[in-house]
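Colleague: Submitted below is the structure of interest, expressed as structure tokens.
What follows is calculated from the coordinates using simple rules that are stated; it is not laboratory data. What you see is a predicted model; the values in this text were computed from it and never measured. Using ideal geometry, Cβ is built from the backbone for each residue, glycine included, and neighbour counts are taken over all protein chains shown.
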Amino acid sequence: MLHSQLNRTFAPMEIEEPLVVIAGAGTFGTALGNTLAANRAITVRLLTIEKEVEAGINNTRINPVYFPNSTLRKRLKATADLTILEKAQFLILAIPSAACVSYMEEIRPYLKPDTIVINTAKGFGEGNVIICEHIEKHFPNPVAALKGPSFAIELLNWMPTAFTFASRDIATYNAFLALLPDTKLHVEFSTDVRGVELLSILKNMYAIILGVIDAHYNSANVRFLVLTKVFKEMRKVLMTFGGESETILNFCGYGDFGLTSINDLSRNRTMGLLIGKGFIKDMVSENIVLEGKRTLSVFYSKIAEEKMGINAIRNFPILLELYKLFYKDYDQRKFVMNVINA
């Protein structure tokens, strides 16, 4: 395990056979659960509303919807029974970001006040709230964010995978360390909860840009010219909205942005490639769930209308160019050249 220098003097807290409940048995929830289940000192359960998934995992050790060709660990089980939360020491949210706020309200009657709630969703919650901050405001539970460069299929295939664990309390992090033995998870600690959450949102938006650029220029020179400019602007947005500048150098920042922006397994980068090659008319179909487009609208609104005034958006030229590409009648070649010259 990899830990920051700050935390090497701290030992993991002693927890007797903790129960880890992962809300969501989709690709990421299943992959993370299967990884944590390698630790025989803990119990891991996937909490799902999908009966087919529950039956498949429990009866055949296969998630028939999300990983039909992969056999899961024997110790990983699934359930639809919310009462399991009454015994959980950890609740990991691995559901779509747009559902997190309402889900927390749904499970409120079952959730113990000392259960550690860990958010892995990379996006705004309902009402465009930062999920961890919403939970902290409305629930008594210890709260953390877990974000990093992590494709679910590689996690499932037992690849070493890195995360930033963000919490305001070092004790929460120390408790989490008890889950990690035998898992190949590499985790660092940060107290910048807002920054870690923001970066996990921003990287989806900016990854689209790299996809569009690569569709026009299959050039390493151009790719890293733009990547560097984008990375600098991400840092500027991060600091504008209250994150700490150094957080962008963590797994949740540099690592996750690199993974999302230059790897074709990324949905947002792939969407940028399709836009740049002209395969998607009217930019993005309303039937496509695209985290980056929603993020763009939220940040544009907050900068131009709420936070600093309409002229302030010009301080973020790449964000402005992407907004015009999505929402204006805008020449794509002009977009590419303006991003390169930003």
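Colleague: What share of the DSSP beta bridges in the chain is antiparallel, in percent to the nearest 5?
Modeller: Details: 5 of 30 bridges.
That works out to approximately 15 percent antiparallel.
Colleague: Could you sort the peptides 69-78, 204-213 by per-residue average Cβ neighbour count (10 Å cutoff), highest mean leading? Spell out each step's value before the answer.
Modeller: Numbers: 69-78: 15.6, 204-213: 27.0.
Most protected by this proxy first, the peptides run 204-213, 69-78.
Colleague: Moving to a separate point now. With N denoting the number of residues in the chain, provide Rg(C-alpha) divided by 2.2 N^0.38 Å, to two decimal places.
Modeller: Values: Rg = 20.2 Å, N = 342, 2.2 N^0.38 = 20.2 Å.
That ratio works out to 1.00.
Colleague: If you average the C-alpha positions of the stretch 214-236 and of the stretch 136-179 separately, how far apart do those two centres end up, in angstrom?
Modeller: Going from one Cα centre to the other spans 29 Å.
Colleague: Given a 10 angstrom Cα cut-off, can you work out which residue in Ala304, Ala166, Ala23 is the most mobile in a GNM of the chain?
Modeller: Ala304
Colleague: Right, something else. Among DSSP beta bridges lying fully in the stretch 87-195, give the percent that are antiparallel, nearest 5. Walk me through the intermediate numbers first.
Modeller: Numbers: 4 of 17 bridges.
Just about 25 percent of them are antiparallel.
Colleague: Also: Mind listing the phi-derived Karplus ³J(HN,Hα) values for the stretch 84-91, rounded to whole Hz, using 6.51, -1.76 and 1.60 with θ = phi - 60°, and x for any glycine or proline?
Modeller: Ordered by residue, 3J(HN,Hα) equals 4, 5, 5, 10, 7, 8, 9, 10 Hz.
Colleague: Let me ask you something else. Quick one: compute the contact order of the chain, relative version, from alpha carbon pairs under 8 angstrom and 6+ residues apart, as a percent. Don't skip to the answer; put the middle values down first.
Modeller: Values: 635 pairs, mean separation 51.1, N = 342.
Across the chain, relative contact order equals 15 percent.
Colleague: Also: If each DSSP helix of 4+ residues adds -39,500 (n - 2.57) and the sum is divided by the residues in the chain, what number results at 222 nm, nearest 500 deg cm²/dmol? Provide the component values of the computation, followed by the final result.
Modeller: Values: 13 runs with 142 residues, N = 342.
Result for the chain, helices only: -12500 deg cm²/dmol.
Colleague: Now, a different point. So if I take the alpha carbon set of the stretch 126-191, get Rg, then get Rh from the Kirkwood formula, what is the Rg over Rh ratio?
Modeller: Numbers: Rg = 13.5 Å, Rh = 13.2 Å.
Reported Rg/Rh, Kirkwood definition of Rh: 1.02.
Colleague: To continue, here is another question. Using only the alpha-carbon atoms, what does the stretch 141-252 span along each of its principal axes? Please give whole angstrom values in decreasing order.
Modeller: Cα spread of the stretch 141-252 along its principal axes, largest to smallest: 47, 37, 19 Å.
Colleague: Could you work out the Kirkwood radius for the stretch 46-103, taking every pair of different alpha carbons, averaging 1/r and inverting it, reported in Å?
Modeller: Every distinct Cα pair counted, the radius reaches 12.5 Å.
Colleague: Now, a different point. Where a Cα-Cα gap under 30 Å defines reach, which lysines qualify for Lys137, not counting those fewer than 8 residues away within the same chain?
Modeller: Once the sequence-local lysines are set aside, what remains near Lys137 is Lys87, Lys112, Lys122, Lys147, Lys203, Lys236, Lys293, Lys302, Lys307.
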